[in-house]
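Enquirer: One structure follows; several queries about it will come next.
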Amino acid sequence: MSMEIQVLPLAAKKPGIVDESKLAFGTQFTDRMFLMEFEAGRGWHSARILPYGPFTLDPACAVLHYAQEIFEGLKAFRRPDGSVALFRPMDNVRRFNRSASRMCMPEVDEEFFLGALKQLVKLEADWVPRSEGTSLYVRPTMIATDPFLGVRPSKTYYCYIILSPVGAYYKGGFSPVKIWIADEFVRSAPGGTGEAKTGGNYAASLRASMEATEKGFDQVLWLDAVHRKYVEEVGSMNICFLYDGKIVTSPLKGTILDGITRRSILDLARDLGYQIEERALSVDEIIDGAQSGRLKEAFGTGTAVVVSAVGQFTYRDRTVVLGDGKPGELTQKLYDTLTGIQYGRIPDKHGWVQTI
Ligand SMILES: *Cc1c(COP(=O)(O)O)cnc(C)c1O
């Protein structure tokens, strides 16, 4: 596909990042965005980089009623030499297309879309913050735009990319979180859309997250929908356990997200000599394992946090504690290694980083 990307002029620039120490997550957006449109029979067209801003949608449009929507999330990092790097961006583009296929949406040309993403980040490179732990979050999105209330795949779509400078996630240090194991709510079921990065999965998860917060927990651990017994994910992260000296993590069987951080962490753990077991750990193994010492560490993985140490699990009326209030040794090591590679402090043996 050799579609031209038109770069429209910017009438006015925003003030930029005023204070990097006050950056939050996803509240501020850069000057420009990428947008292209799809029409059945014509394909993708009108690719352009234009000033960031709202667009007009018909109130009947499909995404607003039936949630035909997908998104991605990746980061651009500022390196010690001032250059900007993306982490495994083609993996995100490929996953975007897998999500599109699941949601009956048109795929994008992978090379073209990655090129567009890089061009946008390059134009907005001033927005990549420089302080420790900060980055520029990249959010590719596709929405169904047919103004039609019938239930069927839309014939028209918008695909866009927006950028948001984000602050360091661990401002007060890398501290372990409290997990509530939900047995009433489920995130996804076999045959459902758990493996797709689609908004509806998040809408469906809000109620459990809200109840967890009310009860004083940080995150929800999702169990499988069929047995309500086996671990799937935690919040919107994948989860890994250090159990019997091996890394145990839920297998990719269609109900969990195929996380790029998960993949990277498993490779780094292999490099350290750990054996990886992709199998579903049960709630009993968590509760008994924490008490017997077979379960030593647990951590979530995802682009936003990279690694999140788990300090305790609560299931019904039982709470078990892991470690001594600090992240486990392996959790810390994997966090330091992966962030070191992303920020260019550690050599990138795996070829994950792409400078732009
Ligand atoms: C995005 C996401 C993840 C993490 O994927 P990464 O590629 O590591 O960011 C995990 N679980 C869910 C449900 C997600 O949406």
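Enquirer: In the P(r) worked out for the chain, what percent of Cα pairs fall beyond 36 Å? Walk me through the numbers on the way to the answer.
Expert: Numbers: 14591 of 63190 pairs.
Within the chain, distances greater than 36 Å cover 23 percent of Cα pairs.
Enquirer: Roughly speaking, what % of Cα-Cα pairs in region 177-343 are separated by over 24 Å, rounded to a whole number?
Expert: Numbers: 3988 of 13861 pairs.
When every Cα pair of region 177-343 is considered, 29 percent fall beyond 24 Å.
Enquirer: Give the span of region 283-356's Cα atoms along each principal axis, as three whole-Å numbers ordered largest to smallest.
Expert: Its Cα atoms span 51, 20, 19 Å along the three principal axes.
Enquirer: Given contacts defined as C-alpha pairs under 8 Å and at least six residues apart, what's the relative contact order of the chain, whole-number percent?
Expert: 18
Enquirer: Continuing with this model, one more query. What do you get for Rg/Rh over region 110-195 if you use C-alpha atoms and the Kirkwood form of Rh? Each step should come with its number before you reach the end.
Expert: Details: Rg = 19.1 Å, Rh = 17.4 Å.
That ratio equals 1.10.
Enquirer: Return the single residue from T27, T213, T255 with maximal mean-square fluctuation; model: Gaussian network over the chain, springs between Cα atoms under 10 Å.
Expert: It is T27.
Enquirer: Arrange M142, M90, M237 by Cβ neighbour counts within 10 Å, fewest through most, would you? Could you put the intermediate results ahead of the total?
Expert: On the way: M142 26, M90 14, M237 22.
Placing the least packed residue first, the sequence is M90, M237, M142.
Enquirer: Do any of K246/K296; K75/K197; K118/K155; K75/K246; K253/K296; K75/K215 go past 20 Å between their Cα atoms, and which?
Expert: Working: K246/K296 10 Å; K75/K197 16 Å; K118/K155 28 Å; K75/K246 29 Å; K253/K296 25 Å; K75/K215 32 Å.
Beyond 20 Å between Cα atoms: K118/K155; K75/K246; K253/K296; K75/K215.
Enquirer: Oh, and also: Sorted from largest to smallest, which semi-axis lengths in Å does the alpha carbon gyration tensor of region 6-166 give for its equivalent ellipsoid, taking the root of 5 times each eigenvalue? Provide the component values of the computation, followed by the final result.
Expert: On the way: eigenvalues 168, 56, 42 Å².
The equivalent ellipsoid of region 6-166 has semi-axes of 29, 17, 15 Å.
Values in this text are rule-based calculations from the coordinates and carry no lab data. Note that the structure is predicted; figures quoted are calculated from it, not measured. Every residue, glycine as well, gets a Cβ built from its backbone with ideal geometry; the counts of neighbours run over all protein chains shown.
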